[in-house]
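Right, one structure below, let's go through it.
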Amino acid sequence: MLSSTFRLLTRTSSFIRPVIGSLPRRSLFLKPTLVSFNEKHRQPSMIINHIPVRQSHVHYTYPMIESRVMLVLRLFDKIDGNALQLDSKFAQDLGLDSLDIVEITAALEDEFWTEIPDVDSDHFVTPRHIIQYLCDKYDVYEHVEPVSAGKEYMEEAKAAAERAHHH
Amino acid sequence: MSLTTRLPQTLKQVRPVLSTDHAEAKRRVLNLYKIWLRQIPYIRVDYIKNNWTETRLRDAIKENFMRNKDVTDLRVIDLLVVRGQMDFVETAEIWRQQHNTATMDRRKDTYKKKPFGFLERFYEGH
């Protein structure tokens, strides 16, 4: 962590150099501080006392949601990691009761920085349901087959265009 | 919507305490479990003299809930949920004593149990 402060200071000192005439000399020899003193060029990874914030620009994809959910489930010690599949039921295959599902839901809430009400967590039977619920929450649909009405519409539109072309 | 309008016909003989069917009672129980789980880090800090770890608190809460898992009477379930919620409020508002470890550790129960079985009664002198 100390090396990152030095990197931060060397990077910011390169911006200070053009104004060396106006600033007093001692500002270039500042001791390493814990807070970046150059507000404009702050990068979140460089600050030491960084409070974790929710990044609003996170791009949710289906593989990312699936791997995070399976990781959280694997970390749960009452679940056997080898027996865990996408379609293994919590109650029958993995032997969990409803209190364990509440614990899992709380862990997933912590992982995804979101609230999952008890109304929805009652209907979680397999991990696939959880992943589908989170995909619906974050509007992820790349794993879903597009509705076939689109294909028929395209064919109709193509046929109508050809008819119009031939006339 | 008052309670009387929600009662199905069969329940009109016994007045419910809080919930009218098992699904609603289950929702209450799970909600109580969740708020206890969410309170664990604050319990650790508020009662810091006891040096409780997260796993130990989680096991204690789970054990307290599982002790009543065979109850089927709706009114009894509701009363247990209400009592659990009262315990939760007392724990969260730090109305308990700091050294009151009997809440989280049943092995520290100090009252003497009635002797059950021949040998125990023999030791007692019966």
If each of B:ARG58 and A:ARG163 carries a label point 7 Å out from its Cα toward its Cβ, how far apart are those two points in nm? 6.5 nm
extent check for the stretch A:62-166: Cα max minus min per principal axis, descending, whole Å, gives 68, 27, 23
Quick check: pseudo-label points 7 Å beyond the Cα along Cα→Cβ at A:LYS137 and B:VAL89, how many nm apart are they? 3.0 nm
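As an exercise, use a Förster radius of 51 Å and the Cβ-Cβ distance of A:TRP113 and B:PHE118 to find the FRET efficiency, rounded to the nearest 0.05. Could the numbers behind the result be given before it?
Numbers: r = 58 Å, r/R0 = 1.14.
The formula returns an efficiency of 0.30 here.
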Quick check: net charge around B:ILE94, other residues with Cβ under 14 Å of its Cβ, Lys/Arg +1 and Asp/Glu -1? -1
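So which of B:LYS69/B:LYS114; A:LYS78/B:LYS62; A:LYS137/B:LYS34; B:LYS34/B:LYS62 end up more than 18 Å apart by C-alpha? Walk me through the numbers on the way to the answer.
On the way: B:LYS69/B:LYS114 23 Å; A:LYS78/B:LYS62 13 Å; A:LYS137/B:LYS34 21 Å; B:LYS34/B:LYS62 11 Å.
With Cα atoms farther than 18 Å apart: B:LYS69/B:LYS114; A:LYS137/B:LYS34.
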Please give me the summed charge of the neighbours of A:ILE104: other residues whose Cβ is under 12 Å from its Cβ, Lys and Arg +1, Asp and Glu -1. -4
Sorted by Cβ density within 10 Å, fewest first, the residues B:HIS126, A:HIS167, A:HIS129, B:HIS22: A:HIS167, B:HIS126, B:HIS22, A:HIS129
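Restricting attention to the stretch B:24-99, which chymotrypsin sites (Phe, Trp or Tyr not before Pro) occupy a DSSP loop and are surrounded by at most 15 other Cβ atoms within 10 Å?
Details: sites: B:TYR33, B:TRP36, B:TYR42, B:TYR47, B:TRP52, B:PHE65, B:PHE88, B:TRP95; in loops: B:TYR47, B:TRP52, B:TRP95.
Of the chymotrypsin sites (Phe, Trp or Tyr not before Pro), the ones in loops of the stretch B:24-99 whose Cβ has at most 15 other Cβ atoms within 10 Å are B:TRP95.
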Two-site label geometry, B:ASP21 and B:MET66: point separation in nm, points 7 Å out along Cα→Cβ: 3.0 nm
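Would you please report the Å³ per residue occupied by the convex hull of the alpha carbon atoms in the stretch B:17-108?
Output value, Cα hull per residue: 92 Å³.
Read the figures in this text as sums done on the coordinates, not as results from a lab. Computed from a prediction, not measured in an experiment: that's the story for all the values here. Every residue, glycine as well, gets a Cβ built from its backbone with ideal geometry; the counts of neighbours run over all protein chains shown.
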